[in-house]
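*Asks:* Let me begin by handing over the structure; questions about it come next.
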Amino acid sequence: MSEETQEQSSGGFKWWALLPVVLFVGLAAMFYKGFDHTRDLPSVLIGKPAPMKSLGPVRGMTVNGKQVPGFDAESMKKGKVTVVNFFASWCVTCRQEHPQLVALGQMKGFNLVGVNYKDKPGDAIRFLNEGGSPYNVIGADENGRVGIEWGVVGLPETYLVDGKGVIRYKFIGAISRAALEREFLPKLQELMDEK
């Protein structure tokens, strides 16, 4: 055995051993970058009437002993801007977004609608009791049919609907504090000012 062969077999560094780690990090970066741009996906529903499917309430969700009403889709045509937020208790990014929705829910001049997407009523109630419910009404989309009609591709998703029931803006992903201030609130204000 030559001296060079003996040195390689006795513990010299093997660069190829790091190849799986390098490939994994590269793929993870590509996927992260790809998912980061999902917000930029165009929506074919922008500028079109919102789906007019009403939803029953989340069974057992009460405030001051009264059942929180479900989502009456026709209410979006009554002149007031509507913010429609699709969420679920099992959605980690929905939990990250929730404080911004609570802040949004304290503002006036629009309706804030929650659509509980493919979630069990008890789980939704616990989630909203923990962080507070910002919504005026909450519809239960237990089988996901309404989400499909709205074009939901992943949770959370938030839509701005003008007073005539037309979808004007779609925000995919969690609304961060910065996104709320820099992007979402200006779009909402612009829509409210159009009256």
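*Asks:* Residue 100 fails exactly one of the following numbered conditions: (1) polar (S, T, N, Q); (2) modelled with pLDDT of 85 or more; (3) under 19 Å from residue 141 (Cβ atoms). What is the number of that condition?
*Replies:* All conditions are met except number (3).
*Asks:* Under the condition of being among the acidic types (Asp, Glu) and touching a residue at least 12 places away in the same chain (Cβ under 8 Å), which residue from the stretch 123-146 is nearest to residue 61 (Cα to Cα)? Spell out how you get there, then give the answer.
*Replies:* Going through the stretch 123-146, the residues among the acidic types (Asp, Glu) turn out to be 123, 130, 141-142.
Within this subset, residues satisfying the condition of being touching a residue at least 12 places away in the same chain (Cβ under 8 Å) are 123, 141-142.
Values: 123: 11, 141: 14, 142: 14 Å.
Applying the filter and picking the extreme gives 123.
*Asks:* Now, a different point. Tell me which of these residue 74 doesn't satisfy, since it passes every other one: (1) at pLDDT 70 or above; (2) in a helix (DSSP H, G or I); (3) touching a strand residue (DSSP E or B) at 6+ places or on another chain (Cβ under 7 Å).
*Replies:* With (1) at pLDDT 70 or above; (2) in a helix (DSSP H, G or I); (3) touching a strand residue (DSSP E or B) at 6+ places or on another chain (Cβ under 7 Å) applied to residue 74, the lone miss is (3).
*Asks:* All but one of (1) closer than 21 Å to residue 53 by Cβ; (2) out of contact with any strand residue (DSSP E or B) (no Cβ under 6 Å at 6 or more places or on another chain) hold for residue 108, so report the exception by its number.
*Replies:* The failed condition is (1).
The values are calculated or read from the model by the stated rules, or taken from the named source; none is laboratory data. Just so it is clear, the structure is predicted and the values come from calculations on it, not from any experiment. Cβ coordinates were reconstructed from backbone atoms using ideal geometry, including for glycine residues, and neighbour counts include every protein chain displayed.
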